[in-house]
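Notes to accompany the following structure.
The values are calculated or read from the model by the stated rules, or taken from the named source; none is laboratory data. Remember, predicted model here, so these are calculated numbers, not experimental data. A quick note on method: Cβ atoms are made from the backbone with ideal geometry, for glycine too, and the neighbour counts reach across all protein chains shown.
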Amino acid sequence: MKTDNVLQSKTYSFAIRIVKASQYLTNEKKEFVLSKQLLRSGTSIGANTEEAIGGQSEKDFYAKLNIVYKEARETSYWIRLLRDTDYFEKSHADSLLSDCEEVLKIVGSILKTMKVKMNKN
């Protein structure tokens with residue numbers, strides 16, 4: 001995998017949005033527990049993408065991308081929860097969810113392709 005790619009840039013940009021959303025939750029809404037959950041899972045997506053890129057082997061890359069997928073699913077959960085409990089406005093949450101879903105689709109596609117490839121070997 002090349003070092004500058006779509007997934008890498010999307011997960012980094014998403015992490016920036018998550019940091020800002022977490023700051024909003026703590027500063028404006030005085031919400032500290034859920035904001036930390038969102039911050040942890042949302043920034044983990046990009047961090048684990050970076051780890052995947054630096055993976056020692058194809059298996060390592062695949063394992064890290066599985067973590068990226070799971071963290072993105074968890075982040076989607078926290079965003080939906082924050083939207084449905086009125087911490088986030090619907091439009092803001094939907095925008096975050098759209099970005100998260102895009103990451104999920106990219107990672108899901110890579111994982112699917114790799115699984116087929118790995119099963120052939």
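Tell me yes or no: at least one residue of the stretch 40-55 is over 16 Å from the mean Cα position of the chain (by Cα) and not β-branched (Val, Ile, Thr). Working first, answer last.
Restricting attention to the stretch 40-55, the residues satisfying the condition of being over 16 Å from the mean Cα position of the chain (by Cα) are 54-55.
In the following step, the residues that additionally are not β-branched (Val, Ile, Thr) were identified as 54-55.
Yes, because at least one residue in the stretch 40-55 is over 16 Å from the mean Cα position of the chain (by Cα) and not β-branched (Val, Ile, Thr).
Kindly evaluate Leu7 against the criterion of being surrounded by 14 or more Cβ atoms within 10 Å (Cβ to Cβ), in contact (Cβ under 8 Å) with a residue 12 or more places away in the chain and closer than 17 Å to Arg80 by Cα. Step through it out loud before you land on a result.
Numbers: surrounded by 14 or more Cβ atoms within 10 Å (Cβ to Cβ): yes; in contact (Cβ under 8 Å) with a residue 12 or more places away in the chain: yes; closer than 17 Å to Arg80 by Cα: no.
When the stated conditions are applied, Leu7 does not pass them.
Assess whether Gly55 counts as being modelled with pLDDT under 95 and either touching a Gly at 6+ places or on another chain (Cβ under 8 Å) or surrounded by 15 or more Cβ atoms within 10 Å (Cβ to Cβ) (or both). Can you show your working first?
Working: modelled with pLDDT under 95: yes; either touching a Gly at 6+ places or on another chain (Cβ under 8 Å) or surrounded by 15 or more Cβ atoms within 10 Å (Cβ to Cβ) (or both): yes.
So Gly55 passes the test.
Taking Ala72 and the conditions (1) within 14 Å of the chain's Cα centre (by Cα); (2) aliphatic (A, V, I, L, M); (3) surrounded by fewer than 15 Cβ atoms within 10 Å (Cβ to Cβ), which numbered condition does it fall short on, given that it satisfies the others?
Result: Ala72 fails condition (3) only.
Condition test on Glu50, is it acidic (Asp, Glu) and more than 15 Å from Leu104 (Cα to Cα)?
Numbers: acidic (Asp, Glu): yes; more than 15 Å from Leu104 (Cα to Cα): yes.
Taking the combined requirement at face value, the residue satisfies it.
Of the residues that make up the stretch 81-97, is at least one within 20 Å of Gly108 (Cα to Cα), without any contact (Cβ under 8 Å) to a residue 12 or more places away in the chain and outside any helix (DSSP H, G or I)?
No - not one qualifying residue is present in the stretch 81-97.
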